[in-house]
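Each remark here refers to the structure printed beneath this line.
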């Protein structure tokens, strides 16, 4: 018999190790493995794995999770600051979109359609989320600055092409 086939889903086990409190882990893991072996004997490998995954998912509840600090190696303040940045990104995108909306009410020179607002909104939010990704994943300040500048140059070029058509593509505004 293939020894590897007797092992339960490794993804489910990693998920279990991630959320389970360390002081509960050994006992619960023993019970899970015993249940998996029973499923394996009675139903075979495929169904045993499905039932094992179901058991692990059903364990995901507050009494097992306990203190949420077990779920993360990061500091709580880091999480709060990252969420503040996301809210700031969305607020800036909305504020920029209000500029043409207000200008449309004050002058006839600005004439945006709903499609224009959607495209610019996607462009701004996408750029903001990409910047957030850069800030979270790139640790060196030098590379953060380089990638940030590249990102804003690309944003400017796309915006300029959509508004006045500096490259003459079919997407150019007139």
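Each value in this text was obtained by applying a stated rule to the coordinates, not by laboratory testing. It should be emphasised that the depicted structure is a prediction, and the values quoted were computed from it without experimental measurement. Neighbour counts are summed over all protein chains in view; Cβ atoms, including those assigned to glycine, are modelled from backbone coordinates with ideal geometry.
Descriptive notes on the structure:
- Put a dot 7 Å past the Cα of residue 47, heading toward its Cβ, do the same for residue 123, and the two dots end up 5.7 nm apart.
- Two-site FRET efficiency, residue 114 against residue 137, from Cβ-Cβ distance with R₀ of 25 Å, rounded to 0.05: 0.15
- Global form of the range 76-163, assessed from the alpha-carbon gyration tensor, a/c cut-off 1.5: oblate
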